[in-house]
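Notes to accompany the following structure.
Bear in mind that the values in this text are calculations on the coordinates, not laboratory data. The structure displayed is predicted, hence computed values, not measured ones. Here the Cβ positions follow ideal geometry from the backbone for every residue, glycine too, while neighbour counts run over all protein chains shown.
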Amino acid sequence: MYIERHDRVRAQIHFNICKETGVQLDKKLWYERIPKLVETGQGGNVTILWNQQVQTDRTIPNYKTDIIIRDNEKIMCMLIDVAISGDRNVIKKEAEKIEIQRMWNVKTKVIPVIIGATGTISKSFRKYVSNIPGNHEVKELQKTAILGTGHILRKVLT
């Protein structure tokens, strides 16, 4: 149940990134589409990875990144980490960022997308989301998280 809520917010962000980067989409609405593990946009210059484990020289526990955008033209990489919870430990992602930057020889940016179970967001949330390619409506991301929480509550209480 918790993973479904997380994956729906992540799918919404993924869909908007794909639209922005010119990925051929088979559906018009984000909730109708199942994201592919690897997608390419902008004539093959941008690769979007969904829920991929990144190979590194060093073992980093729990380092499956939600969405990775690799831009070969700008020689940069974005790691988008989605969390729907009360708190989040970003320190683990920092270790992953340094390792990927070293191995892939690209500038790397970690973007945390953290929404509380009831839709609460931090003051810097809008700044983080604005760095992600695509048009991301903050209230729509919050709505998706809240509806997921409502679904969890209905399941638990019945």
Inter-probe distance in nm under a simple model that places probes 7 Å from Cα toward Cβ, at S85 and K127: 2.3 nm
Long-range HN-HN contacts of L25 with modeled amide H, under 5 Å: none
Potential extension, N105-T118 segment - 0.36 nm per residue separation minus Cα distance: 0.8 nm
Additional length obtainable on full extension of the chain from Y2 to T158, 0.36 nm per residue less Cα span: 54.5 nm
5 angstrom amide H check on D81, placed H, neighbours 5+ away: I111, V113
Mean Cβ count within 10 Å, highest first, over the residues of peptides 134-143, 6-15, 22-31, 67-76: 6-15, 67-76, 134-143, 22-31
N51 long-range amide H proximity, modeled H, under 5 Å: I67, I68
Under Karplus coefficients 6.51, -1.76 and 1.60, residue-wise ³J(HN,Hα) of region 64-80 in Hz, glycine/proline x: 7, 7, 5, 9, 10, 10, 10, 9, 6, 6, 8, 6, 8, 9, 10, 10, 9
